[in-house]
Amino acid sequence: MNLIQDITFALRTFSKAPLFVAVAVLSIAFGVGANTAIFTLTDQLLVRALPVQHPEQLILFSAVGRHYGSNMGWNRISYPMYQDFRDHNSVFSGMFCINETDFSLNFHGRTERISGELVSGNYFPLLGVRAAAGRLFTASDDKFQKSHPVAVLSYGFWQSRFAGDYRVIGQKLYLDGNPFTVIGVSAPDFAGTDPGYAPEVRIPMMMAPQIADYLDLNDRRRRWVTAFGRLKPGITLEYAKAAIQPSFHQMLRMEVQQKAFSKASPYMKQQFLRMSMDLMPAAKGRSNLRRQFEKPLLVLMITVGLVLLIAAANVANLLIARATGRRKEIAIRLALGSGRRRIMTQLLVESLMLSLAGGITGLALAFWTDRILLSFLPASYVPITLSAVPDWRILLFNFTLSVITGIAFGLVPARQSLRTDLAPTLKDEAGAVVGGASTLIRKLLVVAQVSLSLLLLIGAGLFIRSLQKLKDLDPGFRTSNLLAFKVNPTLNGYKPERTKQIYERLKESLETLPGVEQAGLAVMAVIEGDEWDQWVTIDSYKPKTGELPDPHMNFISPDYFKTMEIPLLTGRDFRKSDVLTSPKVCIVNETFAKKYFGTVNAEGHMIGMGIDPGTKTDITVVGVSRDTKYESIRDEIPPEVFQPYQQLDFAPGMVAYVRTAHNPDDVFSSIRRRVHDIDANTPIFDMITLEKAVDDSLVTERLIASLSTSFGFLATALASVGLYGVMAFTVARRTREIGIRIAIGAEKKDVLWMILREVLLLLGIGMAIALPAALVLTKYVQSQLYGIQPVDPASIVAAVVVISGVALLAGYVPARRAARIDPMRALRYE
């Protein structure tokens, strides 16, 4: 009953102060909304466990040390090694493995690029995932190579591509030109073991050779599967890790005895045998997106936490000012016998109502903010499962944060209200009833707001300058009027010879398009975070002990350098005659030439693929190219070797680069038609301008810079409101004093300076606290910066100028009002 009375009374009092309510609710909405927005993504990527049975039992295998062979990603092992662990261990109740891949899907004559996974037969049973339609894989679907061409659709793909039609069960679809029968659809709440991305089609692991020759189920030197295990009840991670080491080293010793190691040097064998197998908790899955955004999200969580503190301080200031206006009401209630606890409860109910209203408003702001955040992610054909729509976890977070904030900012003002001196207040003696304690608290809150705002502005300045440094970097090629797209005819089952013919026709056709100046092909796309490195032997270079030359590789067509506008410093470009049957040639970049030959003039030198003793150096260096960025704009330029793709004995997917005379967007549709004319079954994907690609490569830097700047200015705006409120309150308290000063001869500029001096004092104290703190705290974001030090004078000066300007503006308005006080009215002021 009391609660209903308190709510009714609060609504009645709020209706009489709409401006106060609006400012308070919006302040909390910005603070709680910002925290809810960032937590929505943080929860999905960093906190939430996989929606499977007992996710806490899942672990991820990761080999640590120097592998001998090819490695197709982090946390990978060979399929035979996975089988050994699966069949010979005492700590796991089961194991499964996966490999992410892409498919060219043809269904009823429509060809498209989709994401997929190869999974072992115990994948669904071990995770405890059920079917939404049909059935899922079992161990019997994954016993023999190429024997079970069946597929399971993800629920999202089933809905978006097949409109949830149950008749698709039992039908055939073609993946990379191979027929697969759809047997089921996975559960709606299950996207996979990689939070953030959702494979659309899964097929049995034993179908890997049907999809790609390089996915070898028998090769121990090829690491391409990701292995997960489920711990038996009562088994700890540490115990399991120790238990598998003996069997792992037994596997290594067995592998060293195999023919594949016959040419390996004693040093390589020794390093290989020193490997260990690490086990990591996998309750949250394995996520590339998490690796990319974990640090930025943590930085942003700290940032929005500070924004919330500033917003709470702002509302606390407003409540203290409001309590001053309600001193007689509270004094009367106390005089009539109302208990202090009862009044305290009623005041806290008002604070909580404001906070909850702000939290509800903040949900809308959070949804809008998350939509913007997700738009930062580069477009991809791989579905991103992150959602801006709040679920019960986010609603609970929002509610809890709103309640905590309401109590935090409401407690001090409520206690201050109860310290009213009854007799002077009831006599209306204004000077006696307004104590100095509340004013001191309000000023301390403003100092805190100034300090936190300055910290946020300094951080925003650092991120903005870091982003600008990265944007100003020269990637080594001209990005304007350059576009790229990817094709992979091998996904249609074409043999290498046919695939290479398609590539040749594609290049020639592109160069005849109106508006196209040049076209070139490459296996590795620049500035996309991918890399292909290869151990090499160099004719005139003797590596130091433990040094293994492993330059980055790319396989390109003739005219690639012309298309990218990468100058050749010496030598020649590749020719059409550089094919598989002709002498092997390569071009190296500047860094490679200087590191291994000591000069840019590297023509005539020989290299070989591999580092085993006796490796032939049968590839002639015919040129040296200018250095270019490889994986990302941020990374240092690595040694790089280019080879003609025609000299590969297989045909991988390629990225085509097209240099246009005008806006490259104008030729997108023409390029699609040309590719379709060459081969209607070959889809093109990831078409993008290089300017956009470079921009996408800086997605984390843009995200942090944009949001930290937005939150920094939001915090500054909130702090300015708090400062304005305190100074307006101060002027109101000192109206009679100011009137007397003016009456006895004080000039307006003296009154103006008297108020601004107090503003500068609060500003100065806030800076004195913030600047030393900034020198310490900014070191923790050093890994997110590029080209600048955490103690950056330009960022600090800019932040100080902004906060000073805003603070002086916020203080000038009440100071100007004070200077215009009419002495006669002021002397009658109570």
Could you check segment 474-497 and list, in sequence order, the residues that are under 16 Å from Phe103 (Cα atoms) and either surrounded by fewer than 16 Cβ atoms within 10 Å (Cβ to Cβ) or touching a helix residue (DSSP H, G or I) at 6+ places or on another chain (Cβ under 8 Å) (or both)?
Val487, Pro489, Thr490, Tyr494
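Tell me the residue from Ser147, Ser120, Ser140, Ser154 that is of a type in the set (Gly, Ala, Ser), more than 17 Å from Pro179 (Cβ to Cβ) and surrounded by fewer than 17 Cβ atoms within 10 Å (Cβ to Cβ), please. Walk me through how you get there before you give the answer.
Values: Ser147 fails: more than 17 Å from Pro179 (Cβ to Cβ); Ser120 fails: surrounded by fewer than 17 Cβ atoms within 10 Å (Cβ to Cβ); Ser154 fails: surrounded by fewer than 17 Cβ atoms within 10 Å (Cβ to Cβ).
Every option except Ser140 fails the conditions.
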Mind checking which pairs have a first residue in segment 40-60 that is farther than 15 Å from Gly128 by Cα and open to solvent by 20 Å² or more (accessible area, probe 1.4 Å) and a second that is among the β-branched types (Val, Ile, Thr) and not in a helix (DSSP H, G or I), Cβ under 9 Å, 6 or more apart or different chains?
Gln44/Thr385
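Considering Lys562, Lys594, Lys544, which residue is within 18 Å of Tyr657 (Cβ to Cβ), out of contact with any helix residue (DSSP H, G or I) (no Cβ under 7 Å at 6 or more places or on another chain), open to solvent by 40 Å² or more (accessible area, probe 1.4 Å) and of a type in the set (D, E, K, R)?
Details: Lys594 fails: within 18 Å of Tyr657 (Cβ to Cβ); Lys544 fails: within 18 Å of Tyr657 (Cβ to Cβ).
The conditions single out Lys562.
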Taking the condition within 43 Å of the chain's Cα centre (by Cα), assigned to a helix (DSSP H, G or I), without any contact (Cβ under 8 Å) to a residue 12 or more places away in the chain and more than 30 Å from Ile527 (Cα to Cα), does Val721 pass?
no
For segment 339-358, name all the residues that are free of Cβ contacts under 8 Å to residues at least 24 places away in the same chain and buried (at least 17 other Cβ atoms within 10 Å of the Cβ).
none
Those residues of segment 61-97 which are open to solvent by less than 20 Å² (accessible area, probe 1.4 Å), in a loop (DSSP other than H, G, I, E, B) and aliphatic (A, V, I, L, M), in sequence order:
Val91
Pick from segment 597-645 the residues that are touching a residue at least 24 places away in the same chain (Cβ under 8 Å) and among the acidic types (Asp, Glu): which of them is least open to solvent (accessible area, probe 1.4 Å)?
Glu640
Would you pick out the residues in segment 59-104 that are out of contact with any Asp or Glu (no Cβ under 6 Å at 6 or more places or on another chain) and polar (S, T, N, Q)?
Ser70, Asn71, Asn75, Ser78, Gln83, Asn89, Ser90, Ser93, Asn99, Thr101
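Just one of Asp686, Asp677 is open to solvent by 50 Å² or more (accessible area, probe 1.4 Å) and not in a helix (DSSP H, G or I); which is it?
Asp686
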Which residues, taken from segment 196-211, are at pLDDT below 90 and either among the acidic types (Asp, Glu) or surrounded by fewer than 17 Cβ atoms within 10 Å (Cβ to Cβ) (or both)?
Pro209
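Please state which one of Thr181, Thr226 is open to solvent by 20 Å² or more (accessible area, probe 1.4 Å), in contact with a strand residue (DSSP E or B) (Cβ under 9 Å, 6 or more places away or on another chain) and part of a strand (DSSP E or B).
On the way: Thr226 fails: open to solvent by 20 Å² or more (accessible area, probe 1.4 Å).
Criteria check complete, one pass: Thr181.
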Could you please give the count of residues in segment 570-591 that are surrounded by fewer than 21 Cβ atoms within 10 Å (Cβ to Cβ) and either polar (S, T, N, Q) or on the phi > 0 side of the Ramachandran plot (or both)?
6
Being farther than 24 Å from Glu701 by Cα and without any contact (Cβ under 8 Å) to a residue 60 or more places away in the chain is true for just one of Leu775, Leu756, Leu763. Which residue is that?
Leu756
Being in contact with a Pro (Cβ under 6 Å, 6 or more places away or on another chain) and among the hydrophobic types (A, V, I, L, M, F, W, C) is the requirement here; does Ala29 meet it?
no
Just checking, does segment 285-300 include any residue being free of Cβ contacts under 8 Å to residues at least 24 places away in the same chain, among the charged types (D, E, K, R) and part of a helix (DSSP H, G or I)?
yes
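May I ask you to verify whether Glu112 is under 25 Å from Ala212 (Cβ atoms), open to solvent by less than 40 Å² (accessible area, probe 1.4 Å) and of a type in the set (D, E, K, R)? Can you show your working first?
Numbers: under 25 Å from Ala212 (Cβ atoms): yes; open to solvent by less than 40 Å² (accessible area, probe 1.4 Å): yes; of a type in the set (D, E, K, R): yes.
Considered against the rule, which asks whether it is under 25 Å from Ala212 (Cβ atoms), open to solvent by less than 40 Å² (accessible area, probe 1.4 Å) and of a type in the set (D, E, K, R), Glu112 comes out as yes.
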With over 22 Å from Pro543 (Cβ atoms), open to solvent by less than 20 Å² (accessible area, probe 1.4 Å) and not aliphatic (A, V, I, L, M) as the only criterion, which of Phe650, Phe555 stands out?
Phe555
With the condition kept exactly as written, say whether any residue in segment 274-285 is basic (Lys, Arg), farther than 17 Å from Met81 by Cα and in contact with a helix residue (DSSP H, G or I) (Cβ under 8 Å, 6 or more places away or on another chain).
yes
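Matching residues to (1) open to solvent by less than 70 Å² (accessible area, probe 1.4 Å); (2) at pLDDT below 90; (3) among the basic types (Lys, Arg); (4) part of a helix (DSSP H, G or I):
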residue	(1), (2), (3), (4)
Arg741	no, yes, yes, yes
Lys749	no, yes, yes, yes
Leu752	yes, yes, no, yes
Leu775	no, yes, no, yes
Gly787	yes, yes, no, no
Ser795	yes, no, no, yes
Ala798	yes, no, no, yes
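Among the residues of segment 256-272, is there at least one that is modelled with pLDDT of 90 or more and surrounded by 14 or more Cβ atoms within 10 Å (Cβ to Cβ)?
To start, the set of residues in segment 256-272 that are modelled with pLDDT of 90 or more comprises none.
Within segment 256-272, not a single residue is modelled with pLDDT of 90 or more and surrounded by 14 or more Cβ atoms within 10 Å (Cβ to Cβ).
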Against the definition (over 30 Å from Leu491 (Cβ atoms), out of contact with any strand residue (DSSP E or B) (no Cβ under 8 Å at 6 or more places or on another chain) and of a type in the set (Lys, Arg)), how does Lys692 come out, yes or no?
no
Quickly run through segment 601-640 and pick out the residues that are among the β-branched types (Val, Ile, Thr), part of a loop (DSSP other than H, G, I, E, B) and within 27 Å of Gly546 (Cβ to Cβ).
Ile611, Thr615, Thr617, Ile637
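The values are calculated or read from the model by the stated rules, or taken from the named source; none is laboratory data. This structure is a prediction, so every number in the text was calculated from the model and none was measured. Because the Cβ atoms are built from the backbone with ideal geometry, glycine has one as well, and the counts that use them run over all protein chains shown. Quick note on the areas: whole protein, heavy atoms, side chains included, nothing else; ligands and nucleic acids left out. Shrake-Rupley method; radii C 1.70, N 1.55, O 1.52, S 1.80 Å.
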